[in-house]
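Worksheet: one structure, shown below.
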Amino acid sequence: MVGESLIKLDGSSLTLDKAYEIAQGASVGISSDAKERVDRAQKYVHKKALEDQSIYGINTGFGYLAKKRISEDQLKALQLNILKSHACGYGQPLSIPETRLAMALRLNVLLIGLTGVTYDLCQALCDHLERGITPIIPEFGSVGASGDLAPLAHLALPLVGEGMVFYQGNAMEASEALKQAGLKPIVLQEKEGLGLINGTQIMLAVGSLALYEARELIRKSHKVTALTFEAMKASVDPLHPNLQSARGHVGQMIVAHEIIKQLEGSYLTMECVEPLRVQDSYSLRCAPQVHGASLDVVNHAIQIIETELNGATDNPLVFADEDLILSGGNFHGQPLALAYDMASMALSEMGNISDRRLELMLNPHMSGLPAFLTPDEGLCSGYMASQYLSASLVHECKHLANPSCTDSIPGNVGIEDHVSMGLASARKFAKITHHVSTILSIELCVACQAIDMREAAPLGKGTSLLYELLREYIPMLDDDRIIAEDVNKAVEVFEKI
């Protein structure tokens with residue numbers, strides 16, 4: 001057992017929160033009602049494989065080679081061959097959490113009972129998860145249709161004793177890991193090789209974890225933004241609920257409410273306190289509109305992802321009760337790619353506006369405080385360079401936010417003539433999320449310095465807790481020091497809030 005909690009997969013009830021728990025090490029089991037569904041579809045596939053009719057991926061070749069009929073005595077070899085031939089990834093391996101989640105997601109698809117694999121295969125995949133046998137999956141190789149063929153082939157190879165894995169902290173051949181774990185390789189039956197690799201579970205795993213972090217990032221951003229309001233002695237009028245309800249966007253209303261909640265009891269809310277300006281810069285005044293729009297996009301992306309977590313993405317799909325095997329395109333990653341690309345733009349803009357608030361605090365013409373919040377202008381440079389770091393991250397986010405889903409490149413002799421590039425979208429989104437967390441951490445650090453220099457008091461009930469937490473790690477800047485150390489500590493604090 002890898003984790004303490006147990007999450008039972010059934011093909012229908014997986015959520016983003018459960019997916020995150022699995023990635024972090026929660027133990028995985030199979031729901032008791034899944035076996036009947038899986039067995040029924042597998043028996044149907046076995047029967048159809050021996051009939052005269054050509055059925056894609058069961059007794060035919062793959063892609064352009066689907067016109068080639070495969071003889072009965074080669075049906076199992078066909079399934080092993082597709083794993084070997086499609087294991088064509090390159091680059092650094094996916095992280096352990098990403099790979100664990102991808103394994104669980106593929107298992108969840110198989111348990112829907114529309115793939116036609118054996119229950120033994122499902123159990124073997126679950127056993128690998130529980131024993132901590134983690135396939136080494138290179139980051140490059142997927143074009144996002146037919147799903148994540150190459151990386152999923154790397155995921156599947158250890159089940160048959162092939163490929164490389166991480167096991168007990170070491171990289172080793174899968175055959176050796178199975179031996180040490182007391183497991184045996186399986187022999188693939190009809191359709192099982194294709195059933196393991198035809199789907200979106202790699203892009204889904206990478207993107208799901210990034211979305212979880214993005215949701216948390218936005219929640220934390222309310223607190224940081226509220227602290228910057230206090231640091232800049234900003235007007236709270238733009239946060240008034242009447243303004244938000246007059247426009248009606250849900251995300252905007254939530255963001256304004258959360259910032260106001262953090263500022264409860266703050267000096268900014270006292271009638272005797274005049275704000276620094278009648279109207280503040282847009283990065284403060286329009287925070288509910290900008291952050292709220294990002295929140296709406298991320299929440300929409302989560303809806304898409306939670307549908308996909310329990311969706312059948314194989315091809316063909318097996319409907320045994322209706323005596324149907326249908327070839328289609330459920331493997332296409334476009335829903336995910338679009339969701340990740342939109343979320344990438346949403347998060348990138350959160351980094352952009354955070355950097356602008358950072359600049360306001362460092363700019364003496366806007367803050368009314370010493371330039372760069374330095375304790376000794378001229379001799380000391382204060383937090384000048386922190387904005388350089390922020391700007392460099394914002395710059396990279398803007399380039400990463402260019403969509404991947406609009407850059408389809410055809411392949412497979414014209415058969416796969418439109419693809420999603422969904423894994424590229426997911427990987428870029430994950431990187432943007434990490435960058436924006438750092439940008440907001442810098443804003444947090446600098447806001448506390450501005451508050452100290454302004455001697456702003458009292459702080460809000462929420463913002464005071466955040467200020468005190470940061471000051472446990474980073475003292476007020478009263479002389480130049482290595483600012484990278486402040487940033488690293490601020491990132492630690494941001495992770496805790």
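For segment 455-489, a residue qualifies if it is in contact with a Leu (Cβ under 7 Å, 6 or more places away or on another chain), closer than 17 Å to GLU230 by Cβ and among the aliphatic types (A, V, I, L, M), and the qualifying residues are LEU466, LEU470.
Among the listed residues ALA41, ALA77, ALA19, ALA66, which satisfies the condition of being part of a helix (DSSP H, G or I), of a type in the set (A, V, I, L, M) and closer than 18 Å to GLU130 by Cα?
Details: ALA41 fails: closer than 18 Å to GLU130 by Cα; ALA77 fails: closer than 18 Å to GLU130 by Cα; ALA66 fails: closer than 18 Å to GLU130 by Cα.
Being part of a helix (DSSP H, G or I), of a type in the set (A, V, I, L, M) and closer than 18 Å to GLU130 by Cα holds for just one of ALA41, ALA77, ALA19, ALA66, which is ALA19.
The set of residues in segment 277-307 that are closer than 12 Å to VAL236 by Cβ and aliphatic (A, V, I, L, M) comprises LEU284, ALA287. The residues on offer are PRO135, PRO158, and the sole one that is crowded, with 24+ Cβ neighbours inside 10 Å, at pLDDT 95 or above, assigned by TED's automatic domain parsing to the domain that holds PHE62 and closer than 26 Å to HIS46 by Cα is PRO158.
Right, VAL394: in a loop (DSSP other than H, G, I, E, B), buried (at least 16 other Cβ atoms within 10 Å of the Cβ) and in contact with a Gly (Cβ under 6 Å, 6 or more places away or on another chain) or not?
Values: in a loop (DSSP other than H, G, I, E, B): no; buried (at least 16 other Cβ atoms within 10 Å of the Cβ): yes; in contact with a Gly (Cβ under 6 Å, 6 or more places away or on another chain): yes.
Criteria not met by VAL394.
Of the residues HIS300, HIS291, which is assigned to a helix (DSSP H, G or I), in contact with a helix residue (DSSP H, G or I) (Cβ under 8 Å, 6 or more places away or on another chain) and surrounded by fewer than 20 Cβ atoms within 10 Å (Cβ to Cβ)?
Working: HIS291 fails: surrounded by fewer than 20 Cβ atoms within 10 Å (Cβ to Cβ).
Exactly one residue qualifies, and that residue is HIS300.
In the set SER95, SER71, only one residue is buried (at least 17 other Cβ atoms within 10 Å of the Cβ), out of contact with any Ser or Thr (no Cβ under 7 Å at 6 or more places or on another chain) and free of Cβ contacts under 8 Å to residues at least 40 places away in the same chain; that residue is SER95.
Considering each of TYR388, TYR383 in turn, give the residue that is over 30 Å from ASN310 (Cα atoms) and either without any contact (Cβ under 8 Å) to a residue 60 or more places away in the chain or polar (S, T, N, Q) (or both).
TYR388
Determine, yes or no, whether GLY25 is under 29 Å from PRO97 (Cα atoms) and of a type outside the set (Phe, Trp, Tyr).
Values: under 29 Å from PRO97 (Cα atoms): yes; of a type outside the set (Phe, Trp, Tyr): yes.
Yes; evaluated as a whole, the condition is true for this residue.
For segment 425-444, indicate whether the set of residues that are in a loop (DSSP other than H, G, I, E, B) and not acidic (Asp, Glu) is non-empty. So far as segment 425-444 goes, no, none of its residues is in a loop (DSSP other than H, G, I, E, B) and not acidic (Asp, Glu).
Is one or more of the residues making up segment 424-431 within 27 Å of the chain's Cα centre (by Cα), surrounded by 14 or more Cβ atoms within 10 Å (Cβ to Cβ), free of Cβ contacts under 8 Å to residues at least 60 places away in the same chain and at negative phi? Before you say what the answer is, go through the steps one by one.
Within segment 424-431, the subset within 27 Å of the chain's Cα centre (by Cα) is 424-431.
Filter again for surrounded by 14 or more Cβ atoms within 10 Å (Cβ to Cβ), leaving 424-431.
Then drop every residue that is not free of Cβ contacts under 8 Å to residues at least 60 places away in the same chain, which leaves 431.
Remaining after also requiring at negative phi: 431.
Yes.
Within segment 162-177, residues that are farther than 10 Å from THR134 by Cα sit with their Cβ atoms under 8 Å from residues that are part of a helix (DSSP H, G or I), at 6+ positions apart or across chains, in these pairs: GLU162/LEU83; GLU162/LYS84; GLU162/ALA174; GLU162/SER175; GLY163/HIS154; GLY163/LEU157; GLY163/ALA174.
The criterion of at least 1 residues that are out of contact with any Asp or Glu (no Cβ under 7 Å at 6 or more places or on another chain) and closer than 30 Å to ASP73 by Cα is met by the following helices (runs of 4 or more DSSP H) wholly inside segment 151-264: 174-181, 192-197.
Pairs linking a residue in segment 400-421 that is farther than 14 Å from SER142 by Cβ and touching a residue at least 60 places away in the same chain (Cβ under 8 Å) to a residue that is exposed (fewer than 13 other Cβ atoms within 10 Å of the Cβ) and not hydroxyl-bearing (Ser, Thr, Tyr), with Cβ atoms under 6 Å and 6 or more positions apart or on different chains, do not occur.
For the condition among the hydrophobic types (A, V, I, L, M, F, W, C), within 30 Å of LYS47 (Cα to Cα) and surrounded by 23 or more Cβ atoms within 10 Å (Cβ to Cβ), what is the one hit in ILE202, ILE259, ILE197, ILE218? Steps first, please.
On the way: ILE202 fails: within 30 Å of LYS47 (Cα to Cα); ILE259 fails: within 30 Å of LYS47 (Cα to Cα); ILE218 fails: within 30 Å of LYS47 (Cα to Cα).
Checking each option against the conditions leaves just ILE197.
Suppose the filter is at pLDDT below 90, assigned by TED's automatic domain parsing to the domain that holds LEU114 and hydrophobic (A, V, I, L, M, F, W, C); does ALA66 pass it? Answer is yes for this residue. For segment 464-497, a residue qualifies if it is among the aliphatic types (A, V, I, L, M), under 23 Å from CYS380 (Cα atoms) and buried (at least 19 other Cβ atoms within 10 Å of the Cβ), and the qualifying residues are LEU470, ILE474, LEU477, ILE483, VAL487, ALA490.
Looking at the structure I just gave you, is LYS8 under 29 Å from VAL318 (Cβ atoms) and part of a strand (DSSP E or B)? So that I can check it myself, show each step before the final result.
Values: under 29 Å from VAL318 (Cβ atoms): yes; part of a strand (DSSP E or B): yes.
Yes.
Among the conditions (1) out of contact with any Cys (no Cβ under 6 Å at 6 or more places or on another chain); (2) surrounded by fewer than 22 Cβ atoms within 10 Å (Cβ to Cβ); (3) of a type outside the set (A, V, I, L, M, F, W, C); (4) under 26 Å from ALA234 (Cβ atoms), the only one that HIS418 does not satisfy is (4).
The values are calculated or read from the model by the stated rules, or taken from the named source; none is laboratory data. Bear in mind that the values here come from a model prediction, so they are computed numbers and not experimental data. As a convention, Cβ positions derive from the backbone with ideal geometry for all residues, glycine included, and neighbour counts pool all protein chains shown.
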